[in-house]
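Enquirer: Structure provided below as structure tokens; questions to follow.
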Amino acid sequence: MTPKTQIIKGFLFSAVMLLSALGFAQNNEQALKEVNEIALQMFADMNNRDYDAIIDMTHPKVFEIAPKDAIKDVFKSMFEGNEDFSINIPKTVPNYKLSEVFTNEKDSVKYVFVSYDMKMDMTFHKQEFDDEAKTMMKIMMASKGMDVTFKTNNALDIFMKDRITIILKDNHTNNNWVMVNYDADSPLFYNIVPASLLESVKTYNQDLMLLRKKEE
């Protein structure tokens, strides 16, 4: 192979790699744009208490575990409370962050993490907490990444740090973006998403906690 041929082949290889990189970047930019629109719609649906819209955005494997009506009742209880307690979640769009676009070809999944803080207040109608119970509640909630402040013996403010919603596409979603909330303590969550995503979100969550610690 002559030096001139080597130069031409090297140039062509570099050009192909550059075009591939540009195509990849454009695809990821488009994906982030789509996910950002979905995140904004998710918060709007939460603010509007549009449970049907929230369910339509939820990963379909969730409904293999529990029927839609049962999931809807959970949402209603969470946003509207019940005879045992009431919850107030402010109608707002929090400051949220989007991760990079992750792709795992083996599991045929593409996903983005949406992280944000969330506030709510909770009132118990049939229960009051003494000082010892308040301390136990604070410890228990802190282990879940939640800061609790008691306003009265039965009412408390809750600040949830670095909540993560995963917006993803996989073989179960017909190439549509859907969402699932990250819950490291829920066996159901582990039944919904592939192992590669579980490892990735665990690392991402740890990085968020470390960053928050550094900012304190």
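Enquirer: Can you go through Met179, Met160, Met136, Met209 and tell me which one is in contact (Cβ under 8 Å) with a residue 40 or more places away in the chain, aliphatic (A, V, I, L, M) and more than 25 Å from Glu80 (Cα to Cα)? Break it down stepwise before answering.
Expert: Numbers: Met179 fails: more than 25 Å from Glu80 (Cα to Cα); Met160 fails: more than 25 Å from Glu80 (Cα to Cα); Met136 fails: in contact (Cβ under 8 Å) with a residue 40 or more places away in the chain.
The match here is Met209.
Enquirer: Which of the residues belonging to region 113-137 are assigned to a helix (DSSP H, G or I) and open to solvent by 90 Å² or more (accessible area, probe 1.4 Å)?
Expert: Filtering region 113-137 for residues assigned to a helix (DSSP H, G or I) gives 131-137.
Those that are assigned to a helix (DSSP H, G or I) and open to solvent by 90 Å² or more (accessible area, probe 1.4 Å): Asp131, Glu132, Met136.
Enquirer: Quick check on region 52-59. Is at least one of its residues in contact with a strand residue (DSSP E or B) (Cβ under 8 Å, 6 or more places away or on another chain), assigned to a helix (DSSP H, G or I) and open to solvent by less than 70 Å² (accessible area, probe 1.4 Å)?
Expert: Our first condition is that a residue be in contact with a strand residue (DSSP E or B) (Cβ under 8 Å, 6 or more places away or on another chain); within region 52-59, this holds for 57-59.
This time we only want the ones that are assigned to a helix (DSSP H, G or I), so: 57.
If we keep only those that are open to solvent by less than 70 Å² (accessible area, probe 1.4 Å) as well, we get 57.
Within region 52-59, one or more residues are in contact with a strand residue (DSSP E or B) (Cβ under 8 Å, 6 or more places away or on another chain), assigned to a helix (DSSP H, G or I) and open to solvent by less than 70 Å² (accessible area, probe 1.4 Å).
Enquirer: Considering each of Ile87, Ile71 in turn, give the residue that is in a strand (DSSP E or B) and at pLDDT below 90. Even if it seems obvious, please write down each step before you answer.
Expert: Values: Ile71 fails: in a strand (DSSP E or B).
So the residue among Ile87, Ile71 that is in a strand (DSSP E or B) and at pLDDT below 90 is Ile87.
Enquirer: Let me confirm something: among Asp170, Asp185, Asp107, which residue is open to solvent by 60 Å² or more (accessible area, probe 1.4 Å) and touching a residue at least 12 places away in the same chain (Cβ under 8 Å)? Please lay out each step first, then the result.
Expert: On the way: Asp170 fails: open to solvent by 60 Å² or more (accessible area, probe 1.4 Å); Asp107 fails: open to solvent by 60 Å² or more (accessible area, probe 1.4 Å).
Sole residue among the options that is open to solvent by 60 Å² or more (accessible area, probe 1.4 Å) and touching a residue at least 12 places away in the same chain (Cβ under 8 Å): Asp185.
Enquirer: Sticking with this one: Identify all residues within region 145-154 that are open to solvent by less than 100 Å² (accessible area, probe 1.4 Å) and of a type outside the set (A, V, I, L, M, F, W, C); write none if there are none. Walk me through how you get there before you give the answer.
Expert: Restricting attention to region 145-154, the residues satisfying the condition of being open to solvent by less than 100 Å² (accessible area, probe 1.4 Å) are 145-150, 152-154.
Within region 145-154, Gly145, Asp147, Thr149, Thr152, Asn153, Asn154 qualify.
Enquirer: So, one more: When you look at Val201, is it at pLDDT 90 or above and under 12 Å from the mean Cα position of the chain (by Cα), yes or no?
Expert: yes
The values are calculated or read from the model by the stated rules, or taken from the named source; none is laboratory data. All values derive from a computational prediction rather than experimental measurement. Quick reminder, even Gly has a Cβ in these numbers, built from the backbone with ideal geometry, and neighbours come from all protein chains shown. Note: accessible area is taken over every heavy atom of the protein model, side chains too, but ligands, DNA and RNA are not part of it. Shrake-Rupley method; radii C 1.70, N 1.55, O 1.52, S 1.80 Å.
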